[in-house]
Structure formats: C-alpha cells, structure tokens
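K.L.:
Handing you a structure now.
The values are calculated or read from the model by the stated rules, or taken from the named source; none is laboratory data. These numbers were taken from a predicted model, which means no experiment stands behind them. Cβ placement follows ideal geometry from the backbone for every residue including glycine, while neighbour counts extend to all protein chains displayed. Side chains included, ligands, DNA and RNA excluded: accessible areas come from the protein's heavy atoms. Shrake-Rupley method; radii C 1.70, N 1.55, O 1.52, S 1.80 Å.
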Amino acid sequence: MKKSKLSADIVKKYHQELVFNYSEYPTKNNWSYQFNDKEYKASLVDWIGRNKNEPILFYVHTPFCEQLCYFCLCSKEITKDYKHVKNYLYNYLFKEIDLLFKFLEEKKINLNVKEIYFGGGSPTYYKPEDFKALVDKMKSKFDFSKVGDFTVEIDPRRVDEEKLLYYNKCGVNRLSFGVQEFDLEVQKRINRVQPAELFQSVLTKKVREKFNTFNFDLLVGLPGQTNESMEKTMDKVIDLKPPQIQPMLLAYKPWVRKYQIKMVKDGPLPDFFDRKELFKIVTDRLSKAGYKRAGFETYVLPDDPIDKAMKEKKAYFNSLGVQKGAATNFVAVGSSGQGVLGDEYYSQNYYSMSLYQKSLDEGKLPIYRGMKVSKDDRIRRHIMNDVRTYFKINFKEVENKFKIVFADYFKDELGSFDEHIKDGLIIISDKEFIVTELGTNFAPQIANVFDKYDPPSTTYEQRLKKIREVQAVPS
C-alpha cells in the first residue's frame, strides 16, 4: 500500500460538493411525510413498551434568536419581541408537553429520562422566571432525580456569571457554547461578534466549579478564515481550556438558507483544499495541547466522560455531536425537534411555526415526518457510526450483532475501495476495516460508500434535486 499525504490531488480526488455528515441514517431527505401524529404515537407504544428501562434524552427546542448569524442552518426565528417567545413557551411548547405526557399516561408509559438538552435557536433567550417555568414543567412530568446530564446551548453574548449560576440552581450541569471563531474580521462577516475576552468574563472560577464539563463549537471554512487566523483562534481556545471541543466543517447551503449568501459578499469562502488545511491546523493544535480525538469532529481532554465512553466503545455520533452513550434515544419537543427511538424509529416536528401551532391547536402532536427503520438501515447506520466515531469496523462484532456474514453482505461495497486502499485512506483485512490517519480526513466520504439511498455514484445535481423536492413539502 502506498503511503500518501494530504495533498491537493488526494483532496480533489475524494472531495464531494455535497456529502452528508450521517448524524442519522437514513438521512432526513429519505424520511416519510406520511409518518405523522398517529405513526409517532404507535412508535412510542411499540418501542418503549419493549424497552422500558432504556434511557431517554429529553430534547427541548427553542427556535428564537435576537440576531441572525449568517452561517446558521438551525431552525430559528429572529425576533426582539419577547411576547412572541412567551406565547411559544406557555401556549404551545407547554401544550405539546402536556399532550405528549397525557398520551403516555393513558398508555401507562413512563419515560426513563436520564438526560435533558435545551437546544435552539437560543434557549438563553428566556428570562430567568420563564426558564424556571420550563424546568418546573418537566419536573411535573418525569423523575428529575434520575437525570444525569442537563445541557443548555449558550449564546455567550446573552449570559453572564449570574445567569449561568442560576441555570445550575435549576439543575443544569453542562453547557455548550457557540464559539465558531475568534478573529474579529471573520466574526463581522458572519454577523456574530464575540471576543475571547467575553468568554473569559463568563467562564469564571465559580462557573467552572459548578460546570465540570462544557463544550465549545467551532466552525471551519468560514469566510475570511486563513491559516494565521485559525492558529490565533486555536491559541485562544486552548487558553480557555474547554473540556470538549467540536470543530465542524461549515455547511454552506444557500438553497436552504438564502441569507448565507451574505457571508460571501466580501469574498469567497475557503475552497475545499483550504478547508482541509484549516481543519488540519485545528486537529494538530488540539493534539499538541493534550486533547484526544473522539470521532471525526470532536476533541476532549483526557478522562472527560466522552473519552471514557470512547475507551469503552459506548460513544455515539448523532445530531448533538459525539455523545457518551448514556442516552442515545431522543424524545423531542418544540418546533423542528428531532426524535430517535433505539435504532428503529425517527421522527421530527414541523419546522414551520404556523404548522407547528396549527397541529397543536387541533390536539395533535406536531409530527412532520419520520421513519420506521429497516434491518438493512440499522446495519448500515451501525457501521457508519463506527467509521465516523472509531475509524474502524470490526467485522465479527457486526456479524454477531446482526447475524450476517460481513464480507458477503457488503461484497459490492468492499470491492469498491481499491482506490482508497491504494491511496492509503483505508486498510482492509479479513477481520476489520480501518480508516488510516490520512483517511480520517474523508470519514464522511468513506461512510458514504455504505449509503444505499445516496451512494457516491449519486451526483451533486441529483442530491440537490432530491433536497429541493423535500423542501417543496410543507414543513
């Protein structure tokens, strides 16, 4: 096998303009729009009925922000009218929670909630009394004493020490900060100015004592990013020493969010080779600083809970990044909230606020789409998670779990990796499939080979056409 380095030729050869990150499989564009309130309720009865003791992560989505970030693909609404936020919270989010738990009580189903996650938008938008009201609502529905991690996504521009310590009094014990980048000119181009000094003022000694672990989200491939700016950003990130860091490649999809075009009015984004160079700076700096890689886009300090989960092979990649595996089953509420039950069911609420509210006004859970996953889907999702998280597939482990012969089941896929092997991206033996250090740069592309719905032969135009057809469905 030829030893290769990350060169322009290698990047050009394996680059794809549109590649999925496989936080779920099958990807959302393959879910059914006939999977609604009725089908979702049936999935809860079926799956929880057979898995009463399985831990649940209760996800709550708050879709409001005060200011638009041009890079953002999240489901959100920009408003400075707090009455709009309160109307959502008390008249709709609470109504959805009540409808859900009324159904569960009727079916004598208890949710074994082990984790809570407040995502957005910006859950930091809530005023303290309304934040507490939401927490109290959940306390009235399930046993809060059994909850381990309680995470809130943090907009550092909207919090201070007092607010974070208040969250802790409400039970929050993990924070996830949207950092993205510390270079001022890059921040201006993405409409999110937040200097490193702001984080220093927020992450005080008292806050660090209350929150043993917290996460920084970074974005690679932003407009104006250079090797020099990335090096300086990483120096500041390492100085702040978050226990967990998720450096993610920017997803530029102006056909999904037209405002993303504003990022390129003063110049283009870094091209695909520049992005690989920037990502390499991130990975090199973090490795030298003592961080350990946990999957394709996650780094953690030694002995962090995710590091432990990686050693025990309990880590799992999903829509919240690499998780430690305590609760990989989601029950989600709020507009666009996405749920998953084991490896069997997916569901997602309406993105559209009007359709979300209309469904609740009609007394229905606001399910927009979902899917019952086939055995083949489950097998492929398992190995994609192995590729993306562990950079390795143990054939015997997969065979024992799914009662298949790996080499026979994936004969075509394994036969298509000749070029990957020749270029030093992977190593295949009769026992395992290993992604090399060079190959880790292309983990999503390698996982794509196992995608039955959108394999590598699917062109950019074909994928984009499918996504646009999905967008035409009311959401």
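K.L.:
Highest mean first, what order results for 365-378, 83-96 on Cβ atoms within 10 Å?
P.N.:
Values: 365-378: 19.3, 83-96: 16.9.
Peptide ranking by packing, descending: 365-378, 83-96.
K.L.:
Continuing with the same structure: How high is the relative contact order of the stretch 306-350, given as a whole-number percent (alpha carbon pairs under 8 Å, six or more residues apart)? Spell out each step's value before the answer.
P.N.:
On the way: 58 pairs, mean separation 10.7, N = 45.
Computed value for the stretch 306-350: 24 percent relative contact order.
K.L.:
Using +1 on the beta carbon of Lys and Arg, -1 on that of Asp and Glu, and nothing else charged, what's the dipole of the chain about the Cα centre, debye to 20? Each step should come with its number before you reach the end.
P.N.:
Numbers: 78 positive and 67 negative charges, 122 e Å.
Around 580 debye, computed over the chain.
K.L.:
Quick check on packing: order 383-395, 106-118 by the mean number of other C-beta atoms within 10 Å, highest mean leading.
P.N.:
Working: 383-395: 21.2, 106-118: 17.4.
In decreasing order of mean packing, 383-395, 106-118 become 383-395, 106-118.
K.L.:
With the Cα gyration tensor of the stretch 82-227 in hand, convert its eigenvalues to equivalent ellipsoid semi-axes via √(5λ) and list them largest first in whole Å. Show your work: numbers first, answer last.
P.N.:
On the way: eigenvalues 206, 61, 43 Å².
Largest first, the stretch 82-227 gives 32, 18, 15 Å.
K.L.:
Could you compute how fast the stretch 1-130 diffuses translationally, taking Rh as the Kirkwood radius over C-alpha pairs and applying Stokes-Einstein at 20 °C with viscosity 1.002 mPa s? Give it in µm² per second. Intermediate values should be presented prior to the final figure.
P.N.:
Details: Rh = 18.9 Å.
Once the numbers are plugged in, D ends up at 114 µm²/s.
K.L.:
Here's another thing I want to ask about it. How long, wide and thick is the stretch 323-415, going by the Cα atoms along their three principal axes, in whole angstroms, largest first?
P.N.:
Principal extents (largest minus smallest coordinate, Cα): 52, 27, 20 Å.
K.L.:
Just grab the label-to-label distance for Glu161 and Lys411, each label 7 Å out from Cα along the Cβ direction, in nm (one decimal).
P.N.:
With each label point 7 Å from Cα toward Cβ, the separation is 6.7 nm.
K.L.:
Can you work out the accessible area per residue across the stretch 1-113, with the rest of the protein chains kept in place, probe 1.4 Å, in square angstrom? Intermediate values should be presented prior to the final figure.
P.N.:
Numbers: 5660 Å² over 113 residues.
Per-residue value: 50 Å².
K.L.:
Right, something else. Contour minus end-to-end for Ile421 and Asn110, with contour as 0.36 nm per residue of separation and end-to-end as the Cα-Cα distance?
P.N.:
Working: separation 311, 0.36 × 311 = 111.96 nm, distance 4.89 nm.
Value of the extension gain: 107.1 nm.
K.L.:
Further question: Bin by bin, in steps of 10 Å, what percent of the Cα pairs in the stretch 187-320 do you find, going until the bin that has the longest distance?
P.N.:
Whole-percent P(r) values from 0 Å outward: 11, 38, 35, 15, 1.
K.L.:
Which length gain, in nm to one decimal place, applies between Phe402 and Phe94 when the Cα-Cα distance is subtracted from 0.36 nm times their residue separation? Write down the numbers at each step before the final one.
P.N.:
Working: separation 308, 0.36 × 308 = 110.88 nm, distance 4.01 nm.
Extra length from Phe402 to Phe94 when fully extended: 106.9 nm.
K.L.:
Given N residues in the stretch 151-195, what is its alpha carbon radius of gyration divided by 2.2 N^0.38 Å? Present the calculation step by step, with values, prior to reporting the outcome.
P.N.:
Working: Rg = 12.5 Å, N = 45, 2.2 N^0.38 = 9.3 Å.
Normalised Cα radius of gyration, the stretch 151-195: 1.34.
K.L.:
Still on this model: Over the stretch 30-85, with every protein chain in place, what whole percent of the accessible area is carbon and sulfur at 1.4 Å, could you tell me? Walk me through the numbers before you get to the answer.
P.N.:
Working: 1340 of 2590 Å².
Solvent-exposed carbon and sulfur of the stretch 30-85 make up 52 percent of the total.
K.L.:
Further, regarding this structure: Residue separation times 0.36 nm, minus the C-alpha to C-alpha distance between Val193 and Leu68: what's the value? Provide the component values of the computation, followed by the final result.
P.N.:
On the way: separation 125, 0.36 × 125 = 45.00 nm, distance 1.15 nm.
In short, 43.9 nm is gained.
K.L.:
Are there GluC sites (Glu not before Pro) in the stretch 346-432 that DSSP puts in a loop and that have at most 15 other Cβ atoms within 10 Å, and which ones? Before the final figure, lay out the partial values.
P.N.:
Working: sites: Glu362, Glu397, Glu399, Glu413, Glu419, Glu432; in loops: Glu362.
Within the stretch 346-432, the qualifying GluC sites (Glu not before Pro) (loop, at most 15 other Cβ atoms within 10 Å) are Glu362.
K.L.:
Suppose a student asked you for the relative contact order of the chain, using Cα pairs under 8 Å spaced at least 6 residues apart; what percent would you report?
P.N.:
Values: 767 pairs, mean separation 95.9, N = 475.
About 20 percent, as a whole number.
K.L.:
Cα convex hull of the stretch 364-428: mean projected area in nm², to one decimal? Numbers along the way, then the final one.
P.N.:
Values: hull surface 25.3 nm².
Across all orientations, the stretch 364-428 yields a mean hull projection of 6.3 nm².
K.L.:
Now for a separate question. Run the numbers on the stretch 116-188 and let me know its relative contact order in percent, using alpha-carbon pairs under 8 Å that are six or more apart.
P.N.:
On the way: 60 pairs, mean separation 27.3, N = 73.
Normalised by residue count, the contact order of the stretch 116-188 is 37 percent.
K.L.:
Report, for the chain, the % of DSSP beta bridges that are antiparallel, rounded to 5. Numbers along the way, then the final one.
P.N.:
On the way: 24 of 57 bridges.
Taking every DSSP beta bridge with both residues in the chain, the antiparallel ones total about 40 percent.
K.L.:
Of the trypsin sites (Lys or Arg not before Pro) in the stretch 296-359, which ones lie in a loop per DSSP and count no more than 16 other C-beta atoms within 10 Å?
P.N.:
Values: sites: Lys308, Lys311, Lys313, Lys314, Lys324, Lys358; in loops: Lys313, Lys314, Lys324.
In loop regions of the stretch 296-359 (DSSP not H, G, I, E or B), the sparsely surrounded trypsin sites (Lys or Arg not before Pro) are Lys313, Lys314.
K.L.:
In µm²/s, what is D for the stretch 43-96 at 37 °C and 0.692 mPa s, where D = kT/(6 pi eta Rh) by Stokes-Einstein and Rh is the Kirkwood radius from Cα pairs?
P.N.:
My calculation gives 235 µm²/s for D.
K.L.:
Still on this structure, please answer the following. Which residues does a label at Lys262 reach in the stretch 183-199, if reach means a backbone N under 13 Å from a point 7 Å past the Cα toward the Cβ?
P.N.:
Residues 188-193 fall inside that zone.
K.L.:
Right, another one. Magnitude of the Cβ-charge dipole of the stretch 121-267, K/R +1 and D/E -1, about the Cα centre, nearest 20 debye? All intermediate terms of the calculation are to be shown ahead of the outcome.
P.N.:
Details: 26 positive and 21 negative charges, 116 e Å.
Charge dipole, the stretch 121-267, about its Cα centre: 560 debye, nearest 20.
K.L.:
Now, a different point. In the chain, what cysteines have no partner Cβ closer than 4.7 Å?
P.N.:
Cys with no partner Cβ under 4.7 Å: Cys65, Cys74, Cys170.
K.L.:
Another question, then. Could you give log10 I(q)/I(0) at q = 0.05, 0.07, 0.09 Å⁻¹ for the chain, computed by the Debye formula over C-alpha point scatterers of equal weight, without solvent?
P.N.:
-0.18, -0.36, -0.61
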